[in-house]
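K.L.:
Just passing along the structure, written as structure tokens.
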Amino acid sequence: GGTEHSRMSGVFLTAQQLRDLLSNKGDNVVVIDCRGGLNLTMISGAIRMHWKEFVEGVQNGLLMESEELQEKLREKGLNNNHDIVVYGDWTNGFGDEGRIFWMLQYLGAASVRCLEGGFAEWSKHNFPTSFTQATLPRGNFTVHVQSLKRARMHEVEAVAEGSASSHTRIIDCRTLEEYQGVRMKFDKASKPTGHIPNATHFFWKDVCDENGKIKSRQDLLREMNLENLSKNDQIIVHCTGGVRCAFVYLALTANGVENVRSYDGSWWEWCERSNMIAVDIEGASETKPLLDQSRPSLISRIVAFLTVAIALALPLVTSQVWYWIAFLFTAIGALVFSFGDRRRYRYVSVAFFVALACLGASLHMAPHKAVTWVLLVTAAMANFVCAFLSVLRR
């Protein structure tokens, strides 16, 4: 009701409150459309800003370096003392406004708030809209990192391994299917499934009630099994790329919950750099090495077997051309296999095979051709073992 909304009004604004704010405070108010994509209409006077503009790359939720972020925010026209209001697609989006809200708070913006209900709520009141974004003069935003609002990989690993304080909780904000390790239709085949060990599940959209309003602090903490939360307790929220979980960060922050951090690297970073995940098997959670979840394609396995067969047949061949074909197949086998695997193994595998190929080629010019044959067989067998372990040990 009104009391609940009043309690959170420091962060959330109604459409009418935003309209009044724009009328009264004028130029110091900056409204940010966080939806991305091809949205034809937007709040009149707003600028566009999407979270993908501020990350290190595709399928990477990690923020850019502070210097780059500062320059981008200045290009957008932002100052630290602006009264910023973010909004997104409240019903059909992925919490994009929560991600921008978190990022701006982390970087030291003095005032960041959110339009509850998003663009649909604004449109429902027939308030002014536009087909084009506003153009602001270059800003002077200076980054002042608020490190306690961001979780890093090593902090999450400490909780996953059980070496961190029992006062730190990891909340996985993805769907239950993602958490349990059921592969989703939009998942990459090479990405492992499951969840970070010791993480508990809470679906990000459950921060809202049936009317689309943010739930109370009491309801949120109860549903997250955090009823006994103390001042010393730390909450780390994560999802796939740090977007959906940032909306949960927004909801908890609006409810006055302290010590909440968003893990922007989230599952994408965890898959690349950690060596452990957990999957739910018949209702129980089981932790496995991340390599066991690798799924090389059928092509990589076939190439691996062909490489072994050709290398073993080398003693029967005397033509130099066949030596080079064997080198080529070995390298191709390594590359095809490796691109279906995790990055750290890819680099090691490619470097190993390139080194063997170069060494074998140089030795081929010498009289010790038996050494060349041994190197080729070793390279082929190594390729086979990598593929074999990855396929059969998962």
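The values are calculated or read from the model by the stated rules, or taken from the named source; none is laboratory data. Because the structure is a prediction, the values reported are computed rather than measured. Cβ: placed from backbone, ideal geometry, glycine included. Neighbour counts: every protein chain shown. Note: areas computed on protein heavy atoms with side chains; ligands, DNA, RNA excluded. Shrake-Rupley method; radii C 1.70, N 1.55, O 1.52, S 1.80 Å.
K.L.:
Which ones in region 207-257 are in contact with a strand residue (DSSP E or B) (Cβ under 9 Å, 6 or more places away or on another chain), within 28 Å of Phe54 (Cβ to Cβ) and part of a loop (DSSP other than H, G, I, E, B)?
P.N.:
Met224, Cys239, Thr240, Gly241, Gly242, Val243, Asn255, Val257
K.L.:
In region 39-55, is there at least one residue being surrounded by fewer than 19 Cβ atoms within 10 Å (Cβ to Cβ), on the phi < 0 side of the Ramachandran plot and of a type in the set (A, V, I, L, M)? Let's see the steps before the verdict.
P.N.:
Pass one, region 39-55, residues surrounded by fewer than 19 Cβ atoms within 10 Å (Cβ to Cβ): 39-41, 44-45, 47-48, 50, 52-53.
Retained after the next criterion (residues that are on the phi < 0 side of the Ramachandran plot): 39-41, 44, 47-48, 50, 52-53.
Applying the additional criterion that residues be of a type in the set (A, V, I, L, M) yields 40, 47.
Yes, that holds for at least one residue.
K.L.:
Quick check: is even one residue across region 124-141 out of contact with any Gly (no Cβ under 7 Å at 6 or more places or on another chain), modelled with pLDDT under 95 and surrounded by 21 or more Cβ atoms within 10 Å (Cβ to Cβ)?
P.N.:
no
K.L.:
Specify which of the listed residues (Gly117, Gly108) is closer than 26 Å to Trp204 by Cβ, among the small types (Gly, Ala, Ser) and in contact with a helix residue (DSSP H, G or I) (Cβ under 9 Å, 6 or more places away or on another chain). It would help to see each step written out before you state the result.
P.N.:
Details: Gly108 fails: in contact with a helix residue (DSSP H, G or I) (Cβ under 9 Å, 6 or more places away or on another chain).
Sole residue among the options that is closer than 26 Å to Trp204 by Cβ, among the small types (Gly, Ala, Ser) and in contact with a helix residue (DSSP H, G or I) (Cβ under 9 Å, 6 or more places away or on another chain): Gly117.
K.L.:
Now, a different point. Within the set of pairs 6 or more residues apart or between chains, which connect a residue that is assigned to a helix (DSSP H, G or I) inside region 57-77 to a residue that is of a type in the set (Lys, Arg) and modelled with pLDDT of 95 or more with Cβ atoms less than 7 Å apart?
P.N.:
What qualifies is Arg74/Arg138; Glu75/Arg138.
K.L.:
Could you check region 98-114 and list, in sequence order, the residues that are more than 18 Å from the chain's Cα centre (by Cα) and either within 16 Å of Asn140 (Cβ to Cβ) or not in a helix (DSSP H, G or I) (or both)?
P.N.:
Initial filter on region 98-114 (more than 18 Å from the chain's Cα centre (by Cα)): 105, 107-114.
Across region 98-114, the qualifying residues are Leu107, Gly108, Ala109, Ala110, Ser111, Val112, Arg113, Cys114.
K.L.:
What tally of residues in region 67-80 results from selecting those that are polar (S, T, N, Q), open to solvent by less than 40 Å² (accessible area, probe 1.4 Å) and over 7 Å from Gly139 (Cα atoms)? Reasoning before the result, please.
P.N.:
Initially, region 67-80 is screened for residues polar (S, T, N, Q), giving 70, 79-80.
Checking which are open to solvent by less than 40 Å² (accessible area, probe 1.4 Å) leaves us with 79-80.
When the remaining residues are screened for being over 7 Å from Gly139 (Cα atoms), the result is 80.
Going through region 67-80 one residue at a time, the tally reaches 1.
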